[in-house]
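The block underneath contains the structure these notes are about, expressed in structure tokens.
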Amino acid sequence: MLKLGFARPGSWGSFWAVLTLVGLATRAAQRADVGGEAAGASINHSQLLLQRLQELLRQGNASDVVLRVQAAGTDEVRVFHAHRLLLGLHSTVFQQLLSNQSEVQLQEPRDGAAVFDKFIRYLYCGELTLQLGQAIALHRLATKYGVASLQRGVADYMRAHLAGGAGPAVGWYHYAVSTGDEALRESCLRFLAWNLSAVAGSAEWGAVSPDLLAQLLPRSDLVLQDELELFHALEAWLGRVRPPPTVAERALRAIRYPMIPPAQLFQLQARSAALARHGEAVADLLLQAYQFHAASPLHYAKFFDVNGSAFLPRNYLASAWGAPWVINNPARDDRSTSFQTQLGPSGHDSGRRVTWNVLFSPRWLPVSLRPVYADAAGTGGDAAGVSFQKTVLVGARQHGRLLVRHAYSFHQSSEEAGDFLAHADLQRRNSEYLVENALHLHLIVKPVYHTLIRTP
């Protein structure tokens with residue numbers, strides 16, 4: 001059960017108390033000024049100073065250093081007349097480089113040389129405008145010359161655009177690895193995991209490195225139609241990249257074959273080019289999947305451990321595991337819906353359904369996601385050892401496609417998980433959580449089998 005994190009009625013008293021105290025403090029200060037010295041005034045000409053610094057850079061007045069920036073592999077050289085003091089204030093690298101020289105030659109990659117004027121402008125004015133394609137070049141320059149504030153600013157920009165689905169996540173992941181930026185690397189991984197279907201169908205998929213693929217495949221938070229979609233995406237990647245056999249076999253072993261119905265497994269064995277080449281490497285996993293589907297979960301769990309990741313569903317969008325829910329004007333009235341999910345991924349449970357009722361309320365009430373009905377076959381002893389994880393995906397539309405912007409997971413162990421969407425301003429029409437004034441959710445229920453006591 002999820003809880004909306006809006007203010008509760010009991011919090012209004014504290015709110016008014018703060019206002020009262022502030023008001024009293026203000027009036028007290030005003031009384032203290034009566035008959036005393038007049039309050040001080042503020043004069044702010046910072047914008048004028050920025051304009052003068054821009055003019056100083058543009059005209060090169062009183063410059064004492066010359067930077068000659070050459071694009072690697074070309075004869076192109078850009079010349080900047082600069083000031084040793086201003087460069088040294090931001091960068092100890094420049095401070096040491098320019099200590100005994102009035103002219104220096106700098107070699108930069110072509111993309112870095114193309115944005116060097118923006119980089120220098122930041123050192124003078126503390127601001128710049130950048131586009132997605134310039135982020136890596138500017139971050140690399142900031143890192144090379146030790147401009148920590150710009151390095152942090154560009155990294156924040158990249159993470160923000162990843163969350164909105166606008167950034168090239170694959171390229172930025174590889175860059176983050178090369179620079180050791182762990183926060184950016186994690187942001188890229190999370191975006192790719194939550195939007196793997198969109199990425200696998202794009203040109204970026206062919207640029208995925210074996211290392212990145214190895215980071216993605218074990219994750220249980222991958223958002224996909226089903227496990228078969230992941231297999232086909234992997235097979236397409238193998239066909240494009242053609243990695244060494246050890247890499248291909250390791251990747252194929254990361255597929256969760258028990259999550260694929262037997263009829264589809266038969267088709268894969270008969271038609272898949274990847275399994276034709278590497279079938280022996282995953283033969284034990286295929287046998288395990290067939291055994292899992294052939295027996296009841298109760299019987300299977302007496303002899304085999306079902307706690308491994310192979311038996312844990314990912315965030316599947318197929319109707320067997322959840323349902324989309326579009327809530328128009330979510331800040332106004334209560335909403336409710338219901339849907340059914342399969343009792344478990346085993347073939348033994350394929351015909352068994354659990355009905356879920358969902359309530360969404362913007363007025364201090366929780367969003368509840370409870371099973372209200374399971375068919376007779378699913379309520380007996382065979383349901384033992386199953387619990388349910390619940391995931392709510394929040395979508396956002398970017399460049400004409402709906403991407404997952406946030407994912408919240410909840411477990412059966414607690415009836416309420418507090419502060420669901422606590423920081424979402426659903427009253428604001430341009431909220432990042434809303435698409436055309438509607439909240440786009442996808443509700444996912446993941447059945448999890450637990451190992452039972454084994455019979456002797």
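Brief remarks on what is shown
- Here the Karplus relation 6.51 cos²θ - 1.76 cosθ + 1.60, evaluated at θ = phi - 60°, turns the backbone of region 208-219 into coupling constants of 5, 7, x, 5, 5, 4, 5, 6, 7, 4, x, 6 Hz, with x for every Gly and Pro.
- Amide H contacts of D226: L317, each under 5 Å away and 5 or more positions distant or on a separate chain (H built 1.01 Å from N in the peptide plane; Pro and chain starts excluded).
- Value of D in µm² per second that Stokes-Einstein yields for region 156-303, Kirkwood Rh from Cα pairs, at 37 °C (0.692 mPa s): 198 µm²/s
- Residue-span extension gain [V79 to N100] - 0.36 nm each, minus C-alpha spacing: 5.7 nm
- Cα-only Debye scattering, region 113-200: base-10 log of I(q)/I(0) at q = 0.14, 0.24 Å⁻¹: -0.47, -1.18
- Each peptide in 308-320, 188-200 was scored by the mean count of other Cβ atoms within 10 Å over its residues; highest first, the order is 188-200, 308-320.
- Straight-line cross-link partners of K390 among the aspartates and glutamates, defined as a Cα under 16 Å from its Cα and at least 8 positions apart when in the same chain: D221, E415, E416, D419.
- Long-range amide H partners of Q389 with built H, under 5 Å: K446, V448
- Considering only the Cα atoms of region 52-103, their convex hull presents on average a projected area of 4.1 nm².
- Computing FRET efficiency as 1/(1 + (r/R0)^6) for H299 and L402, where r is the C-beta to C-beta distance and R0 is 60 Å, gives about 0.90.
- For the pair region 73-97 / region 178-206, the C-alpha centres are spaced 34 Å from each other.
- Carbon + sulfur, % of accessible area of region 221-339 - ligands and nucleic acids excluded, 1.4 Å: 53 percent
The values are calculated or read from the model by the stated rules, or taken from the named source; none is laboratory data. On a predicted model such as this, the values are computed, not experimentally measured, just so you know. Glycine gets a Cβ as well: all are built from the backbone with ideal geometry, and neighbour counts include every protein chain shown. SASA here: full protein model, heavy atoms, side chains in, ligands and nucleic acids out. Shrake-Rupley method; radii C 1.70, N 1.55, O 1.52, S 1.80 Å.
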